[in-house]
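See structure below.
The values are calculated or read from the model by the stated rules, or taken from the named source; none is laboratory data. Here the structure is a predicted model, which is why all the values come from computation and not from measurement. Cβ sites come from the backbone with ideal geometry, for glycine too, and all protein chains shown count toward neighbours.
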């Protein structure tokens, strides 16, 4: 099979894009699962995109970037984008990032009296 220069460039671009996506998705070893946090605050911002959604949660004395589950999992478990609206109060149970003192990974989130398991 002969490959044209164009087909080779397309293949290289696809390999690069796949590697970039894999690099953006991080493992959970960067979070300290021996230190469970329970944080309550006000959602200031949210994102509902891949690979993981997030909320910026303003709690007393600190603002957290809370890494959530992928959007498809949040939808299946009953956490639509609208529930993560700015101004809503939320309680998050999760683990702190080992290298970023303002980030945590959520195991579950409670909004409007509903608790959603994310993992």
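Scanning segment 90-106 for residues that are surrounded by fewer than 17 Cβ atoms within 10 Å (Cβ to Cβ) and free of Cβ contacts under 8 Å to residues at least 60 places away in the same chain gives 91, 100, 101, 102. Consider segment 107-118 and keep the residues that are in contact with a helix residue (DSSP H, G or I) (Cβ under 9 Å, 6 or more places away or on another chain) and surrounded by 15 or more Cβ atoms within 10 Å (Cβ to Cβ). The one that is farthest from residue 69 (Cα to Cα) is 111. Going by the structure shown, is residue 87 part of a loop (DSSP other than H, G, I, E, B) and either free of Cβ contacts under 8 Å to residues at least 60 places away in the same chain or closer than 16 Å to residue 32 by Cβ (or both)? So residue 87 passes the test.
Of the residues making up segment 63-78, those that are more than 13 Å from the chain's Cα centre (by Cα) and outside any helix (DSSP H, G or I) are 63, 77, 78.
Residue check: residue 97 meets all listed conditions (1) under 13 Å from the mean Cα position of the chain (by Cα); (2) under 19 Å from residue 44 (Cα atoms) but one, namely (2).
Against the definition (modelled with pLDDT under 95 and either outside any loop (DSSP other than H, G, I, E, B) or closer than 19 Å to residue 91 by Cβ (or both)), how does residue 18 come out, yes or no? Taking the combined requirement at face value, the residue satisfies it. In segment 22-42, the qualifying residues are those that are part of a strand (DSSP E or B) and free of Cβ contacts under 8 Å to residues at least 60 places away in the same chain, and the one that is surrounded by the fewest Cβ atoms within 10 Å (Cβ to Cβ) is 38.
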